[in-house]
Amino acid sequence: MWQVPQRHTMTESGLSAAALLAEIRSESLQSLLATVRAEASPPGLTHIPALDTHLASLNRTRHPFREWPLVRGDVLEIQGPAASGKTHFVYHMIVTCLLPEHHRDTELGGWGKAAVLIDTDGKFSIRRLHDLLLSRLRRFLGGDDVTDASTSLEDLAAEYLRNLHVFRPTSSAQLAITLLHLPNYHATDRRLQNKEIGILAIDSMSAFYWRDRYSLEQLRDAADVKSRSDLPPNPLLYVTRALAKFRASHRPVILMTNWGLNPLVPPSSTGEPATPFYRQHLYPFPAPFERHGAAEAISNLQSSQSRDGSATPQSADSARLLEQRLPLHHHITLHPSPIDPFPASFSLGEALRHEHMRAVMVNRGEILGLVRTPGQDTIGEFTFRIGEREVLVDPDEQP
């Protein structure tokens, strides 16, 4: 006599369809393409020689077969006091991103990609960026005319600037919403939908710091002790989560400028700073060089690197958790290059005789950059100069 085999449902065996599906990682085609590009091709050089050399050496220690300075999805924080060149560093990187790799037979060394700038400070100058882009073109192509008589350098500059997209949120909530909307904007905007976003720059992350801090303190003071645990989180939490999500799906190089408010080590009794670095005043925000934030920041960085370079499938829950964590790959501190004071033994006459030499150094507009990487002891150094019409990245370059 034949026996009919018993059928066991997934519920009886302890599994459900929902549980099985939850273990299957899914991602959008955009995210898949970004992951493949991250492994297959680098974004390009920064064209600041000392910075490229330092970052490339660090990448070789992380990935022996990677010889390039930046990896798609790298997050860089640029911190410094007022007038330390933070915005001009961003301008330089945006120009590099917008320029193509070649124009006819001339190498321009650009990335040939689109750039998104979120101007929270309201100080972005399209005229200044245009001047810097035009000067870079003149340096490579020479003169005001290109080989084609119908195309001028002004026309080329205007063409490349069409790939720049500027947003101006006026609060942390608007900034978070802007970041969340960026994938949809990328997919639907006719100028952008067929371009890869090479750089996402936020200038600056500190723009709404005092306003948010005041609002949270007002809420805390108005609440009783029992209800303080129910207070809303700092709006910056939603900004960093939205930024991490966009990084995971599109893998641009992310640049974030930040104010330098409090020195990492208090100044000495003479008023001289004991360190060129600053504490992280933003919260929640990566703080890999401070005791309270080092472990979490390095964990986020390691998790992002394992996800970026791993072909092992992850559960949907693990993928979502990683998308909420913003890693910090490199931290750059900028300062105007220091000028030594006159010795105390100098007379007034000697000081006047040497004043012109100091004036030359001041007019050079030289900026010193110090590069730190979480989990690494080495500190890289580079310099650039802010000229009247261009950012000079080579010590021997003349305006």
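The values are calculated or read from the model by the stated rules, or taken from the named source; none is laboratory data. Keep in mind the model is a prediction, meaning the values are calculated, not measured. Neighbour counts run over all protein chains shown; Cβ positions are idealised from the backbone, glycine included. We work out accessible area using only protein heavy atoms, side chains counted, and drop any ligands, DNA or RNA first. Shrake-Rupley method; radii C 1.70, N 1.55, O 1.52, S 1.80 Å.
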*Could you order SER84, SER337 so the one with the most accessible surface comes first? Probe is 1.4 Å.*
SER337, SER84
*Counting only DSSP beta bridges with both residues in segment 73-231, what percent are antiparallel, rounded to the nearest 5?*
25 percent
*Estimate the FRET efficiency between LYS123 and GLU154 by the formula 1/(1 + (r/R0)^6), using the beta-carbon distance for r and 30 Å for R0, to the nearest 0.05.*
0.75
*How would ASP52, ASP224 line up by accessible area, probe 1.4 Å, largest first?*
ASP224, ASP52
*Roughly how much of SER345 is accessible, in Å² to the nearest 10, using a 1.4 Å probe?*
100 Å²
*For TRP259, tell me the accessible area in Å² from a 1.4 Å probe, rounded to the nearest 10.*
70 Å²
_Loop trypsin sites (Lys or Arg not before Pro), segment 157-223, which have at most 10 other Cβ atoms in a 10 Å radius of their Cβ (DSSP)_ = ARG190
